[in-house]
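Data block below; observations after.
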Amino acid sequence: MTAQHTEPRESPYETPYGDPYETGAPYEQVRAEAYGPLDDAARAWLDAARADAAARVPEWELRFAEAGRNCAAPDAARVLLLAAARPGAAAVTRLYRQGSAAERRAVLLALPYLDPAPGDGVPLVEDALRANDTLLVAAALGPYAARHLAPHAWRHAVLKCLFTGVPLAAVAGLERRARGDGELARMLTAFAAERTAAGRAVPEDLRRALTLTEEL
């Protein structure tokens, strides 16, 4: 079976939260992930798509959408296309707003490489965090959010992960941002009390995060 004729999972990993992009994989690691599983025809397609993106020919955005049909690791392939194109803030926003869930996820995963101004990139992160799609939530909480998301929004994102079952391993910079955060500790304690009162188990991730808040 050739990669260009299959429709792979949107994540090539066993779990949707194990992707290295969520904690800021080096560019060469992303490139290796994109090219590793491809046959010759699919490699040629990705090479041509990256060239189109670098030249910003109009078709490059179509190639971005087509990556799911032509690449076995579409997340990584789309990140490569965005890195090659270096699109402006308006184009990044358009690709996110008009894209499928998988395309939105790729835009979020690419934010650490594109590094848009907070006024342009943070609204995309905040939009993803309002979604019920846990894949988007996990992708939104990468290194870009760790650097730019406001404390109030970041704390609520951590709570959303716990509430929806997204492992806190997806939250880049958790140790740094949670350390000594008394307000986060208060929110975590309240959430744990609610679960205990309802007869539900307290996630181990919550206990770990609460321990981090006690560190100085």
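The values are calculated or read from the model by the stated rules, or taken from the named source; none is laboratory data. Small disclaimer: the values here were computed from a predicted structure and weren't measured. Neighbour counts are summed over all protein chains in view; Cβ atoms, including those assigned to glycine, are modelled from backbone coordinates with ideal geometry. For accessibility, only protein heavy atoms count, side chains too; no ligands or nucleic acids. Shrake-Rupley method; radii C 1.70, N 1.55, O 1.52, S 1.80 Å.
One line per residue, one yes/no per condition, for (1) surrounded by 12 or more Cβ atoms within 10 Å (Cβ to Cβ); (2) closer than 24 Å to residue 108 by Cβ:
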{"site": "145", "(1), (2)": "yes, yes"}
{"site": "152", "(1), (2)": "no, yes"}
{"site": "159", "(1), (2)": "yes, yes"}
{"site": "171", "(1), (2)": "yes, yes"}
{"site": "190", "(1), (2)": "no, no"}
{"site": "205", "(1), (2)": "yes, yes"}
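Let me confirm something: among 34, 65, 73, which residue is among the aliphatic types (A, V, I, L, M), in contact (Cβ under 8 Å) with a residue 60 or more places away in the chain and open to solvent by less than 50 Å² (accessible area, probe 1.4 Å)?
That would be 73, the only listed residue that is among the aliphatic types (A, V, I, L, M), in contact (Cβ under 8 Å) with a residue 60 or more places away in the chain and open to solvent by less than 50 Å² (accessible area, probe 1.4 Å).
Scan region 56-90 for residues that are under 14 Å from the mean Cα position of the chain (by Cα) and among the β-branched types (Val, Ile, Thr) and report the count.
Of the residues in that region, 1 qualify.
Could you give me the residue pairs with C-beta distances under 8 Å whose first residue belongs to region 108-134 and is among the small types (Gly, Ala, Ser), whose second residue is open to solvent by 20 Å² or more (accessible area, probe 1.4 Å) and in a loop (DSSP other than H, G, I, E, B) wherever it lies, and which are 6+ apart or on separate chains?
So the pair list comes out as 121/115.
Scan region 120-153 residue by residue and report those that are among the aliphatic types (A, V, I, L, M) and over 12 Å from the mean Cα position of the chain (by Cα).
122, 131, 149, 150, 153
If you check residue 137 against the conditions, is it outside any helix (DSSP H, G or I), of a type outside the set (Ser, Thr, Tyr) and surrounded by 12 or more Cβ atoms within 10 Å (Cβ to Cβ)?
So residue 137 fails the test.
Just give me the residues in region 148-182 being at pLDDT 95 or above and within 19 Å of residue 116 (Cβ to Cβ), in sequence order.
If the condition is that a residue be at pLDDT 95 or above and within 19 Å of residue 116 (Cβ to Cβ), then 148, 149, 150, 153, 154, 157 are the ones that fit.
With the requirement that a residue be part of a helix (DSSP H, G or I) and either basic (Lys, Arg) or closer than 12 Å to residue 206 by Cα (or both), what does region 140-173 give you?
If the condition is that a residue be part of a helix (DSSP H, G or I) and either basic (Lys, Arg) or closer than 12 Å to residue 206 by Cα (or both), then 147, 155, 158, 159, 160, 161, 162, 163, 168, 169 are the ones that fit.
From the list 94, 31, 86, 104, pick out the single residue that is under 28 Å from residue 146 (Cβ atoms), basic (Lys, Arg) and touching a Phe, Trp or Tyr at 6+ places or on another chain (Cβ under 6 Å).
One residue alone meets the criteria, 104.
Which one of the conditions (1) open to solvent by 50 Å² or more (accessible area, probe 1.4 Å); (2) among the charged types (D, E, K, R); (3) over 29 Å from residue 58 (Cα atoms); (4) in contact with a helix residue (DSSP H, G or I) (Cβ under 6 Å, 6 or more places away or on another chain) does residue 183 fail to meet, given that it meets all the rest?
(4)
Out of all the residues in region 174-204, which are within 17 Å of residue 145 (Cβ to Cβ) and part of a helix (DSSP H, G or I)?
Hits for region 174-204 are 174, 175, 176, 177, 178, 184.
What are the pairs, 6+ residues apart or on separate chains, where a residue within region 178-190 that is on the phi > 0 side of the Ramachandran plot has its Cβ under 9 Å from a residue that is hydroxyl-bearing (Ser, Thr, Tyr)?
Short answer, once both residue conditions are applied: 180/213.
State all residues of region 84-130 that are crowded, with 19+ Cβ neighbours inside 10 Å, of a type in the set (Gly, Ala, Ser) and over 24 Å from residue 161 (Cβ atoms); if no residue qualifies, say none.
Within region 84-130, 85 is the sole residue that qualifies.
Would you please list the contacts, defined by Cβ atoms under 7 Å and residues six or more apart or on different chains, that run from a residue in region 77-100 that is part of a loop (DSSP other than H, G, I, E, B) to a residue that is crowded, with 21+ Cβ neighbours inside 10 Å?
Short answer, once both residue conditions are applied: 99/107.
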